[in-house]
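Written out below as structure tokens is the structure these notes cover.
Throughout, read-outs are computed from the coordinates displayed, never taken from laboratory work. Values in this document were obtained by computation on a predicted structure and should not be read as measured data. For neighbour counting, all protein chains shown are included, and Cβ atoms are generated from backbone atoms with ideal geometry for every residue, glycine included.
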Amino acid sequence: MHVVAVGGGIGGLTLALMLHARGIRCQIYEASRGIRELGVGINVLPHAIAELKELGLLPRLDAVAVRTRELIYANRLGQEIWREPRGIDAGYQVPQFSIHRGRLQGVLYEAVLDRLGRRTVRTSHAFTSFAQTEGSVKARFKAVDKSGRLTVEGDILVGCDGIHSAVRRRLYPGEPGLKWNGVLMWRGATVAKGFLDGRTMIVGGGFSNKLVLYPITPAKRGKQLINWVVTYRMGDGSHPPPRREDWNREGTLAELMPHVKRFETAHVDLVKLVKGAPAFYEYPMADRDPLPRWTHGRVTLLGDAAHPMYPVGSNGASQAILDARCLADALVAGEHARAALVAYEAERLPKTAEIVHNNRKGGPEGVIDEVERRAPDGFEDIDHVLSHPEREAIVKGYAQLAGFAREQVNRGAEGTLASAAGAKARQSTASPSRGRLGQAKRRPNMA
Ligand SMILES: Cc1cc2nc3c(=O)[nH]c(=O)nc-3n(C[C@H](O)[C@H](O)[C@H](O)COP(=O)(O)OP(=O)(O)OC[C@H]3O[C@@H](n4cnc5c(N)ncnc54)[C@H](O)[C@@H]3O)c2cc1C
């Protein structure tokens, strides 16, 4: 079995590690010239961290990231709406991490180089097209320095090429562009004095004007890299965004500052924090409608290529990691490569489609929107605005839906494929682990 993965982002690199752990060969083709640590902060939820732990990556993550301890939701005026412990502090067996996206990618990339070898990731090659026959699939790439073209043959082709996926475009040439909801986000990270316990995430304000703050590096002499996001609704989404979705597009202070000044924060000097960032980025909040199918014969999609979603509820990277686990298990368990891709899609497509839809309503942060709708000028007593059970239903309901409720993660059952496939995987000597597919014996740390 030889898997050709398009894209060396979070999903593609995780897939390569998962496949390697199961004795399946994988080669990654990445369009950018090198794996550089791009992006700002993201959160990776316990169900996805359980998968990375199984790959032996927990110590490497601990060295560069923060174990999130608490999450606070507040209104725009800083009044607390909801507070809950996270990760280990919430009784999970694994942590939630707040981490620089580029550092997460770096941890995965280093592990791929260590375990699979330097030649596993071929950079500077952009996917252009594929052709498949009964027995194999051929993918074509062009060198980004225009030095030539490359055709590679494999048993499976997986598009892990992100929100502007070229593989998806080949499968769905007529698909309209990304759907923008009218909200623009500015994202940055600034080295500053830590706030509260140095492990707390604060989300303030509803969908139309939101502030997100959390530290993403361990403290060094009292300072941490603090991730911040400010959103503002510029329109109703009926027009295309002012500029194309590009994770690396820099924003301007002139455009951002009026939206920053709307927030009241007790713990952080927000203006100073924003002005102190060496660079920050703007990005329109955009997604796509869920697809009817990801799998077409020997070709399938994974991560943002399969299910781009609004970055609320910390699910972008987490769901890509879960996809990778599920696909790797399906390939080990399946009778045939094509059947395995169908089984993978059957497991993952409906779940991720639900998250895409729920994120459009604000995900767990919808609780803030509801409170601001009922009490736009603030409140004396939150329980008179929205009762605790009502708030809990929104927040915990999302955790169930996205598969990271504590019981789901601790019993390791999220994403379990059909038990028949599980039985097959348990027989396989290549199958390593705690078993999304069953109870196969845990392999020792694969680091
Ligand atoms: C540069 C960058 C910065 C980001 N910053 C943030 C952030 O700050 N906050 C956040 O929430 N999310 C960010 N994301 C998105 C986040 O990484 C994803 O939502 C999530 O991790 C899912 O990962 P993925 O592997 O599906 O996609 P990604 O992590 O986006 O990876 C896709 C990979 O495919 C490559 N690629 C694209 N087209 C081709 C092609 N034709 N041929 C070969 N390779 C191709 C890309 O270069 C990229 O490496 C960023 C993504 C990128 C690429």
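What does the charge dipole of the chain about its Cα centre add up to, to the nearest 20 debye, if the Cβ of each Lys and Arg holds +1 and the Cβ of each Asp and Glu holds -1?
1620 debye
Provide the per-residue ³J(HN,Hα) series for the stretch 283-288, in order, calculated from phi with Karplus coefficients 6.51, -1.76, 1.60 and θ = phi - 60°, each as a whole number of Hz, with x at glycine and proline positions.
7, x, 6, 9, 8, 9
Put +1 on the Cβ of each Lys and Arg and -1 on the Cβ of each Asp and Glu in the chain; which of THR190, LEU113, VAL332 then has its Cα farthest toward the positive end of the dipole?
Farthest along the dipole direction, towards plus: LEU113.
Need one word for the chain: rounded, prolate or oblate. Basis is the Cα gyration tensor (sqrt eigenvalues a ≥ b ≥ c); a/c below 1.5 gives rounded, then a/b vs b/c decides.
prolate
What's the magnitude of the charge dipole for the stretch 149-222 around its Cα centre, counting Lys and Arg as +1 and Asp and Glu as -1 at the beta-carbon? Answer in Debye, nearest 20.
400 debye
May I ask for the percentage of alpha-carbon pairs in the stretch 253-391 that lie more than 28 Å from each other?
In whole percent, the long-distance tail amounts to 43.
Can you pull out the GluC sites (Glu not before Pro) in the stretch 300-397 whose DSSP state is coil and whose Cβ has at most 14 other Cβ atoms within 10 Å?
GLU335, GLU380
Quick check: Cα centre of the stretch 28-84 to Cα centre of the stretch 283-309, how many Å?
Computed from Cα coordinates, the inter-centre distance equals 22 Å.
Hey, which aspartates and glutamates would be in cross-link range of LYS275, C-alpha to C-alpha under 17 Å, not counting anything within fewer than 8 residues on its own chain?
By straight Cα distance, LYS275 reaches GLU250, GLU255, GLU264.
As a footprinting exposure proxy, order TRP186, TRP247 by other Cβ within 10 Å, with the fewest listed first.
Ranked by crowding around the Cβ, least crowded first: TRP247, TRP186.
Please report, ordered by residue number, every helix of the chain (full DSSP H runs) that is 18 Å or longer along its axis going by C-alpha atoms and whose mean Kyte-Doolittle hydropathy reaches 0.0.
Sorted by number, the helices that extend far enough and score high enough are 316-333.
In the chain, what percentage of the DSSP-assigned beta bridges are antiparallel, given to the nearest 5?
Percent antiparallel among DSSP bridges in the chain is about 75.
Which residue, PRO240, PRO278, LEU386, has the largest displacement toward the positive end of the dipole of the chain when charges sit on each Cβ (Lys, Arg +1; Asp, Glu -1)?
PRO278
Spin-label point model (7 Å from Cα, Cβ direction): what's the GLU153 to ARG119 distance in nm?
1.8 nm
Which of LEU256, ILE156, TRP180 sits closest to the plus end of the dipole of the stretch 152-256, meaning its Cα is farthest towards the positive end, when Lys and Arg get +1 and Asp and Glu get -1 on the C-beta?
Toward the positive end, the furthest listed residue is LEU256.
What ³J(HN,Hα) values, in whole Hz, does the Karplus curve 6.51 cos²θ - 1.76 cosθ + 1.60 give for the stretch 230-245 when θ = phi - 60°, with x put for Gly and Pro?
For the stretch 230-245, the Karplus-derived couplings read 10, 10, 8, 7, 8, x, 9, x, 6, 10, x, x, x, 9, 4, 4 Hz, x marking Gly and Pro.
The stretch 170-184 to the stretch 251-273: how many Å between their Cα centroids?
Here the answer is 30 Å between Cα centres.
Ranked highest first by the average count of other Cβ atoms within 10 Å around their residues, in what order do 116-128, 32-44, 195-207 fall?
195-207, 32-44, 116-128
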